[in-house]
1. Using protein chains only and a probe of 1.4 angstrom, how many square angstrom of Thr157 are accessible, to the nearest 10?
2. Around Arg645, which amide H atoms from residues at least 5 apart in sequence, or from another chain, sit under 5 Å from its own amide H, with H modelled in the peptide plane?
3. Under the Karplus relation 6.51 cos²θ - 1.76 cosθ + 1.60, θ = phi - 60°, what is the ordered set of whole-Hz ³J(HN,Hα) values for region 590-596, x standing for Gly and Pro?
4. Considering only Cα-Cα distances, which of the following residue pairs are longer than 27 Å: Lys461/Lys671; Lys326/Lys559; Lys182/Lys378; Lys514/Lys634?
5. Would you mind getting me the FRET efficiency between Ser115 and Asp289? Use the beta-carbon distance for r and R0 = 51 Å, nearest 0.05.
6. Can you list residues from other chains, or at least 5 along the same chain, whose modelled amide H is less than 5 Å from the amide H of Val496?
7. Whole-Hz ³J(HN,Hα) for each residue in region 307-319, computed from phi via Karplus 6.51 cos²θ - 1.76 cosθ + 1.60 with θ = phi - 60°, x for glycine and proline: what do you get?
8. Hey, can you grab everything whose amide H is under 5 Å from the amide H of Ser287? Only 5+ residues off in sequence or another chain; H modelled, so Pro and N-termini drop out.
Amino acid sequence: MTFTMTFTLHPKSCPLAAIRSLILQKKPNIRNMSSTTGGPRPASMVVLHRALAPAFETFCQANRGPLPLLGRGEPGKWAWPALGAVSGTRMDRPQFRKYEFGACTGSLTSLEEYSEQLKDMVTFFLGCSASLEGAWEKAGLPRRDPPGHGHVGAYKTTVPCTTVAGFCCPLVVTMRPVPKDKLERLVQASCSLMGEQGQPVHIGDPELLGIQDLSRPDYGDPVPCQPGEVPVFWPSQLTSLEAVSGYQTPLAFTSAPGSMVMTDLKDLEAPAGCLTPEGIPEVHPISQDPLHYSITSASAVQKIRELETVIAVDPGNRGIGHLLRKDELLRASLSLSHAHAVLITTGFPTHFNHEPPEETDGPPGAIALAAFLQALDKGVSVIVDRRALSLFQKLVEEAVEQATCRSIMETTVSDEAFGRQLCSPLYHQRDEAFGKASRNCPNPHRADASTLCPSCQGVLKTPIPILTYQGGSAEAAQAFLCDERDPKSPRFDHLVAIERAGRAADGNYYNARKMNIKHLVDPIDDLFLVAQKIPGISSTGVGDGGNELGMGKVKEAVKNHIRNGDVIACDVEADFAVIAGVSNWGGYALACALYVLNSCEVHGRYLRKAARPSHAPGEQRWTEALPSVAKEEKMLSILVQHRVRSGVSGNVGMEVDGLPFHSTHAQMIQKLLDVTTGCQ
């Protein structure tokens, strides 16, 4: 017979009677609870020298996902119980691990012989992933246990936990196979039972976590995936074993894998974000090779769907409604949110009789998206036609904040007392490094010396690398996309085309009037074609007429519903096709959707694998990086200065696709911002 005692602990204050009966008895009331459902909550223990207690507590708080701290004891206040207080306890397996200088040197059924050392040690109680078992019952799913009724396998990953005062280790996760069509039901059930601790950190290919073989867990026994099932990973408290091992303290103890104590504790520090309407998780596929799902909140999904609706208006009456596919913006932005390095292409030389032949649709949306990717600390580059390299270099130079204007500061007597300066309206000028003419600043204002006035604020924080590609073969495209031509080492994990001329079925490139402009277009399409065969690279196409790169995904609709579609339809598809009334709007919407996702705690926790502290929702640099009417007006004015023309009318002026900026595009930008930031 096995006995289990339920007791109550509170963070930083554990009753000594509970601690002593658990740790010192020859026959402790501890048992393997990996298959227990319902009732008290299981916990594991870590016992460290008192000098390490503050650092380890901070380490747990910084990595709350795998190490939810339920409580801790106080050192030096031990009262020893009578041994054998619980009779008839059957010890099926060791209950503790002993660590000396980072090495596991023994498995123990009791800590009795270390009673003197324990007087200077502190016990931590951590929540366990075994609590997940109740989610299967709540979701109406049969539970899958390892063969032989061992405890569910756990795996070391290559995801680093946040380092605190010498405590550093990889994240350890546990895996459960889940039927593909039941993923969202189970995730919602686990979150409703456990709050944020019930949210998975990864759904899909284990290699994305650095796990090479699911049949060989580092702890416990594997649960094999059956056809139609998807591996789902949750953070494991066994991360604590890696932390203890990595610190190499002279003496430490932990619960043995699979051994737990039962408590009625709750993680009082864990917010119940998943329990609120704003925190209800939704699961969405973002890649098939490798298999990858993402998670975000239902409220974030609703906002992004609203953004998709806003940009789907058809001011040119082209019939783009026939090209729309639901949730393309959502999946594209989720995929971009997971990306580390993004390659953006733009440029549609529709005005082939003019110099430059580019149009004003495309570059503003591409640079707006690049600006937000910069704010998310992602690598971002832009690739354009060789003949347009100089033009785009100038556009980017002038879009950078520091290059947009230079203030000549004048200190006034009244300002000196406050150490502040007056930005003179008479001496504001473009950065001389780029040879720009002087101009007056329309908004004189008081500011710190490093601050730019709002109208002089640039679109980009830092320059973006401008690349070209003229390869023309699959081998050349792979060499461009991958380090040392190795498809296992891609340089970019997401390609984005915004109003980029797309190759038609006959190999030519056409504008909307069926004019062949192939002589002005480099074969950047090849990069998208080759990327389809390289695992780990996704792609997005943004278009408004069906002849743009990436629109091959909707080419049949283009041929059937768009004027001249049978000729001009792009034949090259992207993984995601974002349709907008004007392609710039699609670029703005992608930036706004990324803001929504990264301001969502449910998605943010999934991104950081619950192993790092969260960002403040909508932190300031993200807000500043959003498209704005002022910044997009500035970007369009830069294009006009370089004689770039409107796509429909051919005019050189403040318009895109024949639509005036202030009465059309400015209103669209404001609508997108209102949806994004919640303004009514």
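1. Rounded to the nearest 10, the figure is 10 Å².
2. Under 5 Å from the amide H of Arg645: Thr360.
3. Running phi through 6.51 cos²θ - 1.76 cosθ + 1.60 with θ = phi - 60° gives 4, 4, 5, 5, 5, 4, 4 Hz.
4. Lys182/Lys378; Lys514/Lys634
5. So the FRET efficiency works out to roughly 0.35.
6. Here Leu343, Ile344, Thr345, Thr540 satisfy the definition.
7. In residue order, the calculated couplings are 4, 4, 5, 4, 7, 7, 5, 10, x, x, 6, 7, x Hz.
8. His292
The values are calculated or read from the model by the stated rules, or taken from the named source; none is laboratory data. Since this is a predicted model, take the numbers as computed values, not measurements. So basically every Cβ, Gly included, is an ideal-geometry build from the backbone, and we count neighbours across all protein chains shown. Accessible surface areas use protein heavy atoms only, side chains included; no ligands, DNA or RNA. Shrake-Rupley method; radii C 1.70, N 1.55, O 1.52, S 1.80 Å.
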